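As structure tokens, the structure follows; a few thoughts come after it.
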Number of protein chains: 2
Amino acid sequence: MIQERDQRLLDPEAHLLIVEDDGEMRALVARLLREAGFRVSTARDGREMFEVINDAITPPDLVVLDVMLPGVSGFDLCRRLRAQSQVPIIMLTARADETDRVVGLEIGADDYVAKPFAPREFVARVRALLRRTMMDPGDSVAKARRLIFAGWSLDLKARELTSPAGVIVDLSGAEHDLLLAFLEHPQRVLSREQLMEVAKRRMSVDTSDRAVDVQVSRLRRKIEPDETSPAIIKTVRGSGYVFVPPVTRE
Amino acid sequence: MIQERDQRLLDPEAHLLIVEDDGEMRALVARLLREAGFRVSTARDGREMFEVINDAITPPDLVVLDVMLPGVSGFDLCRRLRAQSQVPIIMLTARADETDRVVGLEIGADDYVAKPFAPREFVARVRALLRRTMMDPGDSVAKARRLIFAGWSLDLKARELTSPAGVIVDLSGAEHDLLLAFLEHPQRVLSREQLMEVAKRRMSVDTSDRAVDVQVSRLRRKIEPDETSPAIIKTVRGSGYVFVPPVTRE
DNA sequence: TCGGTTGGCTGCAAGTTTGTGACAAAACAT
DNA sequence: ATGTTTTGTCACAAACTTGCAGCCAACCGA
């Protein structure tokens, strides 16, 4: 009881999206979570899911995704969702298969619950995940208008990069995303996988590592003062790349 | 196979702490996670756990906590740990009791795994949680972590070694790993085998002891002030090497 | 002091990793 | 549809890493 109230206060306004084709199940899960104090939206399939995510006034803070959906599989949806968002995902499945769970977790789900599930545990897992994700400032970077580094300035809204001399340098989409990935995590070695994950363009899982190298190469050509010895994006042999200069928001 | 390698790169440097009283189980979990590419420390009980958390040179990025411990219960430890840290916690229990799981999750654990668990799923859950926590800035995990010794400073995230004079010294992968092994166990004689164990990023099992000597030699050349008489890494004839200066975290 | 053992270090070759031009597929704009 | 831009992949050279052999120095016990 006390827990109920405390938790409710802990996750105020949290908005959940349930993606589940079976009406009965959908209603059950929705009721369960509403009773736990969450705001709940539902979707029947991938199309509706993306509709809610892209068009809703308040995008969901967490997605509960059924694996068995008509048409596209929940795994595919999970992958596609991850490609465009870091929203926490709990997968739900009738199959208790372990391989299934591992695959789910590896393609980006945060938790995996098998049906039939115990209501209280399910809610507890939703809360645990929300607690972990909502305490983070989240897209602190996204709130900033522009990011400054080494005299350069990246306008996030306009997607416009200005050189120290004040010249506007055009960046392609992938270049912009890659640079942003670096700016979000400066002074930290980022593996090619991490870069791909953060620079979520439409990169599917099967894109090769070398694509990152090429993009880094192209980006360097635009922002490195001295082409022969990179001072901004350094290579860490065997591990990945690191963005050296400090980044400030403004 | 590919997943293994990719995932390994995804969480470079991650340091896990296993709290488990049963020796066999502890060894099993530790081996499992080491094989998955993590750095692993272990603790037998709450006292040891807090010792590692507060005194270890590199604090853990994630804690695996057994519920059944002698003395204080794992739940209490979890609560006490949460009171002072936001480190991600995975609870481990022999009891598959649902109430148990709910309690665990509600008092602050991030995930809850019942024994016996499927190894791959367990590792997948560890990774899923690390993925969620290590990327987001703001957490203790994301803070720049550097180790100081004899005026030198090693930035773990950027993999950057700075000399007392402020010059950045490049380290190869093996050199970095070797140095880290020393920094984590200063003032302790480390055998060549132990050093190889830690710096085994690419070292096969059959590499000769002398390889360590050579790496030590190369490392010395970079950090020893006086080449003729090593003051930082001393040789202990017949046993191995010792890292002499005190190491502090900052 | 002397022989045997252990460790330090150099040169090197093999293996790995990375940078980048070229090309083709894909996406995009007109 | 058509031309332009973007982007992933390939290929290959260049750069880097690293284990090892081997020689020499330091060390140790008798």
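The values are calculated or read from the model by the stated rules, or taken from the named source; none is laboratory data. Computed from a predicted model, the values in this text were never measured in an experiment. Note: ideal-geometry Cβ built from the backbone for every residue, glycine included; neighbour counts use all protein chains shown.
A few points about this structure:
- Each residue in the stretch B:151-184 was checked for being away from DNA strand C (no atom under 14 Å from the Cβ), surrounded by 17 or more Cβ atoms within 10 Å (Cβ to Cβ) and more than 14 Å from chain A (Cβ to nearest Cβ), and 5 of them qualify.
- Selection count, the stretch B:35-47, where residues are assigned to a helix (DSSP H, G or I) and either out of contact with any Leu (no Cβ under 9 Å at 6 or more places or on another chain) or hydroxyl-bearing (Ser, Thr, Tyr) (or both): 2
- Taking the stretch A:80-96 as the range and being away from chain B (no Cβ under 14 Å) and not polar (S, T, N, Q) as the test, the residues that pass are A:ARG80, A:LEU81, A:ALA83, A:LEU92, A:ALA94.
- Answer residue from the stretch A:201-213, given it is exposed (fewer than 12 other Cβ atoms within 10 Å of the Cβ) and near DNA strand C (Cβ under 9 Å from one of its atoms) and is modelled with the lowest pLDDT among those: A:ARG202
- Within this structure, B:LEU69 fails the test of being under 22 Å from A:LEU105 (Cβ atoms) and more than 20 Å from the chain's Cα centre (by Cα).
- Scanning the stretch B:105-134 for residues that are of a type in the set (Gly, Ala, Ser) and out of contact with any Leu (no Cβ under 9 Å at 6 or more places or on another chain) yields a single hit, B:ALA118.
- Looking only at residues of the stretch A:218-228 that are exposed (fewer than 12 other Cβ atoms within 10 Å of the Cβ) and near DNA strand C (Cβ under 10 Å from one of its atoms), we find that the one that is modelled with the highest pLDDT is A:ARG221.
- Contacts under 9 angstrom Cβ, first residue in the stretch A:165-182 being assigned by TED's automatic domain parsing to the domain that holds A:ILE232 and over 12 Å from A:SER153 (Cα atoms), partner assigned to a helix (DSSP H, G or I) and among the small types (Gly, Ala, Ser), 6 or more apart: A:ALA174/A:ALA211
- Within the stretch A:235-247, the set of residues being surrounded by fewer than 19 Cβ atoms within 10 Å (Cβ to Cβ) and either in contact (Cβ under 8 Å) with a residue 24 or more places away in the chain or assigned to a strand (DSSP E or B) (or both) comprises A:THR235, A:SER239, A:VAL244, A:PRO245, A:PRO246.
- Hey, A:GLU20 modelled with pLDDT of 85 or more, at negative phi, surrounded by fewer than 16 Cβ atoms within 10 Å (Cβ to Cβ) and among the charged types (D, E, K, R) or not: no
- Checking A:GLU250 against (1) more than 9 Å from DNA strand D (Cβ to nearest atom); (2) in contact with a Ser or Thr (Cβ under 9 Å, 6 or more places away or on another chain); (3) within 18 Å of A:GLN86 (Cα to Cα), the condition it does not meet: (3)
- Residue match in the stretch A:239-250 (condition: farther than 19 Å from B:GLU160 by Cβ, modelled with pLDDT under 90 and away from DNA strand C (no atom under 13 Å from the Cβ)): yes
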